[in-house]
Amino acid sequence: MPENSEVQFGNSAIIRYSQLYKMNRSITVFCNRGTSGIDGSTSTAIGAAYASEKRTTLVTGDLSFFYDSNALWNTHIPKNFRIIVINNSGGGIFKIIPGPKSTDSLRYFEAPHCLTAEHLSKMYGFEYSVASDLESLQKGLSHFYEGNQPKLLEIFTPSDQNDLVLKEYINYLK
Ligand SMILES: Cc1ncc(C[n+]2csc(CCOP(=O)(O)OP(=O)(O)O)c2C)c(N)n1
């Protein structure tokens, strides 16, 4: 992410992932953790981007993004606004926190789906790109902050491996 920019993290697993990475100290980080809802991350990010002179990147999960997609319905989205959707095809957090995975109702928590952000991006005038591995991610990020149009990068991760990789990594840290 560019220096001196602002980042808005969605809640759920996204804000937890963010703690695993070093952030450049010139970047200001925000997250709606207080209310903990998935219903306002995109709205907040667009409002904050509009109010700020700095570039804003929203990093969000797929359910949060689709839940609050009405936020894109306005004519004030700054051209330098960027969205990164980490699409793990549902609410991946429910496989990470204790509880849901040990019941036979996981699918009702996770709400798995096959949606992508492609058509919403086109409808709302965002340049859209996709990443599904390290190579496509590096390619997708290489020109992500150039140009004069809002952009959305959708990163697909496999829902059946996400929680395992994260838990393995946390065990490694221990
Ligand atoms: C308005 C609202 N409804 C339901 C929830 C419960 N909830 C917490 S996290 C979550 C799933 C979020 O999924 P996603 O944005 O895809 O992120 P992931 O868990 O995959 O990182 C849900 C439904 C909530 N926080 N707010």
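Each of Leu164, Leu134 was scored by other Cβ atoms within 10 Å of its Cβ. Listed from fewest to most, they are Leu134, Leu164.
This ranking places Asp62, Asp163, Asp104, Asp39 by how few other beta-carbon atoms lie within 10 Å of each, fewest first, which gives Asp104, Asp39, Asp163, Asp62. With helices as the sole contributors, the chain gives -9500 deg cm²/dmol at 222 nm; each DSSP H run of n ≥ 4 counts as -39500 (n - 2.57), and the sum is divided by every residue. Between their Cα atoms, which of Lys54/Lys139; Lys54/Lys151; Lys54/Lys95; Lys101/Lys151 are more than 27 Å away from each other? From the list (Lys54/Lys139; Lys54/Lys151; Lys54/Lys95; Lys101/Lys151), the Cα-Cα distance tops 27 Å for Lys54/Lys95; Lys101/Lys151.
Name the shape class, rounded, prolate or oblate, that the alpha-carbon gyration tensor gives for the chain, where a ≥ b ≥ c are the square roots of its eigenvalues, rounded holds for a/c under 1.5, and otherwise prolate holds if a/b is larger than b/c and oblate otherwise. It is prolate, given that a/c is not under 1.5 and a/b is the larger ratio. Just checking the listed ones, Phe109, Phe144, Phe81: in the Gaussian network model of the chain with Cα springs under 10 Å, the one fluctuating most is Phe109.
Highest mobility in the GNM of the chain, judged by mean-square fluctuation with C-alpha springs under 10 Å and restricted to Pro78, Pro98, Pro150, is found for Pro98.
Could you tell me which residue out of Thr116, Ser89, Gln149 lies farthest along the dipole of the chain toward its positive end? Charges go on the beta carbon: Lys and Arg +1, Asp and Glu -1, centred on the Cα centre. Checked the options; the winner is Gln149.
What FRET efficiency comes out for the pair Ile97/Tyr50, r = Cβ-Cβ distance, R0 = 35 Å, nearest 0.05? About 0.55, to the nearest 0.05. Mark the label point 7 Å from the Cα of Leu173 along Cα→Cβ and return the residues of the range 20-59 whose backbone N is within less than 12 Å of it. Residues passing the 12 Å test: 20-22. Charge dipole (Cα centre; +1 on Lys/Arg Cβ, -1 on Asp/Glu Cβ; no other charges) of the chain amounts to roughly 420 debye.
Each reported figure results from applying straightforward, stated rules to the coordinates on display, with no laboratory input. Quick caveat, the model's predicted, so the values are computed rather than measured. Methodologically, a virtual Cβ is constructed for each residue, glycine included, from the backbone with ideal geometry; neighbour enumeration extends over all protein chains shown.
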